[in-house]
Amino acid sequence: MCGIIGYTGNLDARQIIINGLLTLEYRGYDSAGIAFFSNGTSDVVTIKTTGKVNNLAEKLKKNNADSTPVCGIGHTRWATHGGVSETNSHPHSCGNVTLIHNGIIENYHELANMLSEKGIFPVSQTDSEIAAMLINYYYEGDACKAIRKAINMLEGSYAFCIIFSDKPGVIYSIRKNSPLIGAICDEGAFVASDVVAVIDYTKEYFILPEDHIAILTADSFKIYDLHGKEVIPDVMRVNWDIAAAKKGGYEHFMLKEIHEQPEAITKTISPRIIGGLPDFSNDNVPDELFKGISNIVITACGTAMHAGMFGRTMIERYSRIPVSVEIASEFRYSDPILSEKTLVIAISQSGETADTLAAVRLAKSCGARTLSVVNVKGSIIANESDYVLYTHAGPEISVASTKAYVVQLSLMYLIAYRIAMINNKLSCEEAKDKVNGIITAVNNMKKVLKMDEELYLITNKLAKAEDIFYLGRGLDYAIACEGSLKLKEISYIHAEAYAAGELKHGTISLITDNVPVIAFATQEHIYQKVISNVVEVRSRGAYVILVTSAGKHVDTTLCDHHIVLPRMDEEFTPFCTAVILQYLAYYTAVRRNLNVDQPRNLAKSVTVE
Ligand code: AGP
């Protein structure tokens, strides 16, 4: 959600902050703002605007600073408390204090009432401004003291960058349940909500520990715990190339990320294949984690949850351990039945999703074992789980998840096979075959990536539709769910996914002439069943796009388009069907001239409930 960058050093802070905010655009936002010390004095200039960062850059040009500002903070806001307006945009100021905030101050009403009794009133409707007012209220010249007193009173989540008008060149930062990374290099010190904002300057960064105060000056980055003791953070190094965070000649990040999928899967699975077998010893995930399990709960949101649905089928198929998939936002309030014999697997690209994080915490508090599958290194969910398996998709910039999804699928295969092996349900020989199956599937995926023209042509019809239905059974149902989500989020066309057999229990009433139905029929044991469901919709006039494996003889009157996958083991078709659903969503959105990478109302990482 909100993007944060703070910089103090020897370069033009305005330029660095605008560039940083542009790289953070992918997180999703509706307004932007910047504050900087105008000329090394206590004069803090704040400029805000609704809309895009480019609007802010334009507005900034009109500001004639006396000299080059070298310290400032910038923010992209995704509105939660208070509508989209310049007043509600960050930075917020009160007295000496100017700050930007990501997160939610849950008790802001209470705090606002307390401050109003002292004659201090906000000008915006935001919870963030209350934090600025509170820090300023406690400020008597000692910034750390004021910050500590204020955060003691805050409930909720926060990542703050704070400047004090009488402390030019210095930035203070603190976080809780919201991400912030820090970095220092020859050009100065940085703090940001994501490492992509600083990658042009340095590849080394660290995660700011929770509830520690960071103090940034042009040549130092100090971190103190709440007792004032200095803490040295672990320095991490970005393990992907800078080019990974750029479009690299593609029209959209989404298209680039679709094409990066085979490589992302290979990077994710290779370190976990030892002697041809799935093995997590390099991740320090012990086999004991998978022994004596009574049940498994997979929890996640959105696309990650669809990867979890796929994981359930795979784990149950091979280990016969009951698995449930729980939407994290439901699970956290569901009073779940968990024990030390329950393994809770949390899946998250960002590792920041508030609901998934809450689900992990709940699982731990109930004594369950927790394993997370996360893409962003050092993220909160990764840190808080007992064990973590990182996916190696590299940075995913497009809001619509593509490569992060398929690498989650790839780990679901390996987890399923490993659990089955450890529980003596799969022999080493069988597991080796399965692992080879994944490797072959990656090659097939490359073939499907070349079907872009065929899929582009099909979207001519889809782009004009008002409703689209996705059908599938078993593994294909999980794929259908992802297909419908992908289409909705970037093309704004209403879409629904149905377990194919369920359609006739109500929803088939919506199938009339020319309503597009995309049916996945790649699983042999239920192939005929899906075809029967296709016949049902076809006879009601549906415009059918049918996806099957190679070698199937399909009655041409059954569908308008027949998409044929390469010949392959049906267990691994999801890598290929994923590409198909992604292309269909992508080209439909492109035909509708929409902002593919930053769809309306959406944020890349959902750090609020
Ligand atoms: C994916 O296309 C979506 N933008 C969204 O559903 C996403 O998968 C979900 O918000 C979960 O995010 P996470 O993987 O970062 O936890």
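The values are calculated or read from the model by the stated rules, or taken from the named source; none is laboratory data. None of these values were measured; they are calculated from a predicted model. All Cβ positions, even for glycine, are placed from backbone atoms using ideal geometry, and neighbour counts span all protein chains on display.
Per-residue answers, yes or no, for (1) within 23 Å of THR126 (Cα to Cα); (2) acidic (Asp, Glu); (3) buried (at least 18 other Cβ atoms within 10 Å of the Cβ):
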residue: ILE147; (1), (2), (3): yes, no, yes
residue: MET153; (1), (2), (3): yes, no, no
residue: CYS161; (1), (2), (3): yes, no, yes
residue: SER165; (1), (2), (3): yes, no, no
residue: LEU180; (1), (2), (3): yes, no, yes
residue: ILE184; (1), (2), (3): no, no, yes
residue: ALA189; (1), (2), (3): no, no, yes
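Please work out if GLY74 is at pLDDT 90 or above, farther than 21 Å from GLY156 by Cβ, of a type outside the set (Lys, Arg) and surrounded by fewer than 19 Cβ atoms within 10 Å (Cβ to Cβ).
Values: at pLDDT 90 or above: yes; farther than 21 Å from GLY156 by Cβ: yes; of a type outside the set (Lys, Arg): yes; surrounded by fewer than 19 Cβ atoms within 10 Å (Cβ to Cβ): no.
So GLY74 does not fit the description; no.
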Among (1) among the polar types (S, T, N, Q); (2) more than 26 Å from ALA245 (Cβ to Cβ); (3) touching a helix residue (DSSP H, G or I) at 6+ places or on another chain (Cβ under 6 Å), THR76 falls short only on (2)
Of the listed residues (ILE493, ILE508, ILE545, ILE531), the one being over 34 Å from the mean Cα position of the chain (by Cα) and of a type in the set (A, V, I, L, M) is ILE531
Here the qualifying pairs (Cβ atoms under 6 Å; residues six or more apart or on different chains; first in region 371-388 and free of Cβ contacts under 8 Å to residues at least 24 places away in the same chain and within 16 Å of LEU409 (Cα to Cα); second more than 13 Å from the ligand (Cβ to nearest atom) and not in a strand (DSSP E or B)) come out as none
Per the filter on region 355-367, residues away from the ligand (no atom under 12 Å from the Cβ) and buried (at least 24 other Cβ atoms within 10 Å of the Cβ) are ALA363
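Quick test for you: out of GLU352, GLU396, GLU430, pick the one residue that is among the acidic types (Asp, Glu) and away from the ligand (no atom under 16 Å from the Cβ). Walk me through it before giving the result.
Values: GLU352 fails: away from the ligand (no atom under 16 Å from the Cβ); GLU396 fails: away from the ligand (no atom under 16 Å from the Cβ).
From the options GLU352, GLU396, GLU430, the qualifying one is GLU430.
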For LYS488, the lone unmet condition from (1) without any contact (Cβ under 8 Å) to a residue 24 or more places away in the chain; (2) touching a Pro at 6+ places or on another chain (Cβ under 7 Å); (3) basic (Lys, Arg) is (2)
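Hey, could you check region 399-418 for residues that are part of a helix (DSSP H, G or I) and among the small types (Gly, Ala, Ser) and say which is farthest from the ligand (Cβ to nearest atom)? Show your work before the answer.
The first filter runs over region 399-418 and keeps only residues part of a helix (DSSP H, G or I), leaving 403-418.
Cutting the leftovers down to among the small types (Gly, Ala, Ser) gives us 404, 410, 416.
Working: ALA404: 6, SER410: 15, ALA416: 20 Å.
This residue is ALA416.
Suppose the filter is near the ligand (Cβ under 9 Å from one of its atoms), at pLDDT 95 or above, within 24 Å of ILE269 (Cα to Cα) and of a type outside the set (Phe, Trp, Tyr); does SER372 pass it?
So SER372 does not fit the description; no.
Do we find that SER339 is away from the ligand (no atom under 16 Å from the Cβ), touching an Asp or Glu at 6+ places or on another chain (Cβ under 8 Å), free of Cβ contacts under 8 Å to residues at least 60 places away in the same chain and not in a helix (DSSP H, G or I) in this structure?
Details: away from the ligand (no atom under 16 Å from the Cβ): yes; touching an Asp or Glu at 6+ places or on another chain (Cβ under 8 Å): no; free of Cβ contacts under 8 Å to residues at least 60 places away in the same chain: yes; not in a helix (DSSP H, G or I): yes.
No: the conditions fail for SER339.
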Note on region 580-600: residues in contact (Cβ under 8 Å) with a residue 40 or more places away in the chain and either more than 15 Å from the ligand (Cβ to nearest atom) or under 30 Å from LEU180 (Cβ atoms) (or both) are ILE580, TYR587, VAL590, ARG591, ARG592, VAL596, ASP597, GLN598, PRO599, ARG600
Cβ pairs under 9 Å, 6+ apart or interchain, first in region 266-283 and at positive phi, second crowded, with 16+ Cβ neighbours inside 10 Å, ordered by first then second residue, are GLY275/LYS432; GLY276/ALA431; GLY276/LYS432; GLY276/VAL435
Residues in region 282-315 that are away from the ligand (no atom under 16 Å from the Cβ), surrounded by 16 or more Cβ atoms within 10 Å (Cβ to Cβ) and either among the acidic types (Asp, Glu) or in a helix (DSSP H, G or I) (or both) total 6
Residue pairs within 9 Å by beta carbon, gap of at least six or interchain, first lying in region 494-510 and surrounded by fewer than 20 Cβ atoms within 10 Å (Cβ to Cβ), second acidic (Asp, Glu) and in a strand (DSSP E or B), listed first then second, are HIS494/ASP467; GLU496/ASP467; THR507/GLU496; LEU510/ASP467; LEU510/GLU496
The number of residues in region 309-342 that are of a type in the set (Ser, Thr, Tyr) and within 25 Å of the chain's Cα centre (by Cα) is 5
